[in-house]
1. Counting just the residues of region 1-21 that are in contact with a helix residue (DSSP H, G or I) (Cβ under 7 Å, 6 or more places away or on another chain) and in a helix (DSSP H, G or I), which one comes out nearest to residue 64 (Cα to Cα)?
2. How many residues does region 37-60 contain that are closer than 15 Å to residue 5 by Cα and modelled with pLDDT under 95?
3. Which numbered condition in (1) surrounded by 10 or more Cβ atoms within 10 Å (Cβ to Cβ); (2) more than 18 Å from the chain's Cα centre (by Cα); (3) in a helix (DSSP H, G or I) is the only one that residue 33 fails?
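The values are calculated or read from the model by the stated rules, or taken from the named source; none is laboratory data. All values reported here derive from a predicted model rather than from experimental measurement. Quick reminder, even Gly has a Cβ in these numbers, built from the backbone with ideal geometry, and neighbours come from all protein chains shown.
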């Protein structure tokens, strides 16, 4: 997923996507360890997507804190 696509999602959708990606990463790691995984680059791609997702969630969290601080 591209960052643009992730930014278009709501916080709830991002949290759901996070859980899905964590499960997918777990499955990929198991498949890699057992030799069933054909495209080993998927592990790296999934990790990068997870990092993008968490970054966007953190940006939103910080923006909300800054907005709350400014409104005081």
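1. Across region 1-21, the extreme among qualifying residues is 11.
2. The qualifying residues number 0.
3. (1)
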